[in-house]
1. Checking the conditions here, which among Asp86, Asp138, Asp125 is part of a helix (DSSP H, G or I) and modelled with pLDDT of 80 or more?
2. I'd like the residue in the range 330-372 that is among the basic types (Lys, Arg) and modelled with pLDDT under 90 and, out of all such residues, is nearest to Met420 (Cα to Cα).
3. Quick check, is Gln34 under 30 Å from Gly347 (Cβ atoms) and either in contact with a Cys (Cβ under 9 Å, 6 or more places away or on another chain) or at pLDDT 80 or above (or both)?
4. I'm checking my understanding of the structure. Among residues of the range 176-206 that are modelled with pLDDT under 85 and β-branched (Val, Ile, Thr), which one is surrounded by the fewest Cβ atoms within 10 Å (Cβ to Cβ)?
5. Can you name every residue in the range 352-384 that is of a type in the set (Ser, Thr, Tyr) and buried (at least 18 other Cβ atoms within 10 Å of the Cβ)?
Amino acid sequence: MIKKVLFTILAIAGLAFHSFAQGSDREQLEKEKQQIQAELKQIQGMYDKIKGQTRQSLSQLNMLKKKINLQEQYMANINRELRMIDDDIYLSNLEIYRLQRQVDTLKDQYAKTVVYAYKNRSSYDYVNFIFSATSFNDALRRIAYLKSYRNYREKQVKTILETQELIAKRQQQQIARKNQKNEALQSQVKERTVLAEQRKEKDAVVSKLKSQEKDLQKQIAAKKKRDRDIQNAIAAIIRREIEAAKKAAEAKALEEERKNALAKANNPTATNPTATSAPKTVAKKNESYLNLNAEDVRLNNKFEENKGKIPWPVDNGIPIVHFGPYTIEGTKLRDNNPGVTIATSVGSAVKAVFDGEVAAIHNYGDGAAVVIRHGKYFTSYSNLSSVSVKKGTMVKTGQVLGRAGESMDGASGQIDFMLMIENKNVNPESWLRR
């Protein structure tokens with residue numbers, strides 16, 4: 001009996017925990033679904049503007065690939081939802097079966113009490129049972145027993161009714177979950193069709209882009225040159241900053257040595273606390289000179305603390321070419337993106353992602369790039385049609401630096417965003433807000 005009660009308690013606790021976990025997972029799934037839908041709507045709006053162009057573009061292919069990637073994520077979300085519904089239905093069936101067995105046991109026990117009560121229905125038997133007591137206290141105990149027996153029968157009826165109500169409630173929930181499953185299956189079929197159409201459209205674009213391989217090669221070469229020029233400009237800035245920091249550190253160290261020597265000459269017998277306690281302000285081995293300035297250290301620490309929380313440089317943008325090596329599908333063209341290429345609307349405000357100083361403004365004919373220094377971290381924002389800041393000015397997070405220009409193929413708006421730790425390129429998406 002004890003084992004049976006313990007098993008029931010554990011089963012109920014397990015189902016309660018599962019329901020709680022399912023509810024939390026379901027909320028997360030719904031949140032992810034809404035986020036994917038919002039991104040799909042955003043990129044669809046951008047894609048619709050270039051879809052009707054007679055000439056296929058690299059932007060069109062990149063947007064289609066992004067759409068397909070989001071669509072696949074949406075499909076995976078639906079599949080996870082279906083698995084959760086199936087698990088919920090299975091566990092609810094187990095609970096209904098357990099409750100039904102519990103009702104059957106309760107009914108069986110109640111039937112036995114009814115039979116017993118029927119066999120002993122004479123009021124004379126009850127009176128005789130009480131007056132056959134050996135003492136007054138025994139009679140009281142017998143009366144209490146009869147009352148508890150009657151309460152037990154009433155409680156049995158109440159428990160049976162409550163359990164039957166719970167079974168009915170679970171059955172209604174099963175109907176609702178099965179309806180949800182049917183809706184999810186219909187959505188799965190619909191989204192699978194959409195995904196197949198997107199892949200078909202992408203294949204058509206790839207096929208046409210093959211004939212434009214030379215033009216694409218020119219676009220890639222132009223972007224590569226622009227990225228290289230920006231990287232060289234940042235490298236030159238870093239060299240200047242390091243050299244200036246190094247000279248300042250050396251000058252400070254020399255000044256400390258001069259003061260120590262002067263103090264020793266004035267009082268050769270005294271121990272100079274400055275000489276023993278004040279360290280030379282020089283960079284240690286493998287340490288950057290850009291870590292010596294107090295303001296740089298503050299910015300470096302704040303930048304590092306905000307990894308994964310730094311805002312995107314545009315409010316409405318879709319990353320279409322990610323950091324690192326990539327291949328243009330259907331061609332032999334390959335490249336290595338030093339940052340992230342973001343599709344956006346032409347003229348969109350491009351904003352600083354963190355506090356810093358405008359270290360350089362680089363013009364390259366048909367566009368411009370702004371480089372901002374945040375201590376030893378550098379961010380660059382290129383393919384700007386206009387710039388609204390000046391070199392040497394301090395900027396705050398979210399301050400507008402300029403406006404996004406057209407992509408090289410003229411298909412949409414676009415900016416290229418890079419993040420460098422001194423002269424080393426890193427993946428900016430791992431630092432930006434997810």
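1. So the residue among Asp86, Asp138, Asp125 that is part of a helix (DSSP H, G or I) and modelled with pLDDT of 80 or more is Asp86.
2. Going through the qualifying residues, I end up with Arg334.
3. yes
4. Once the filter is applied, the top-ranked residue is Val206.
5. Tyr377, Thr379, Ser380, Tyr381, Ser382
The values are calculated or read from the model by the stated rules, or taken from the named source; none is laboratory data. In this text, all values refer to a predicted model and were calculated from it rather than measured experimentally. Note that each Cβ is placed from the backbone with ideal geometry, even for glycine, and that neighbours are counted across all protein chains shown.
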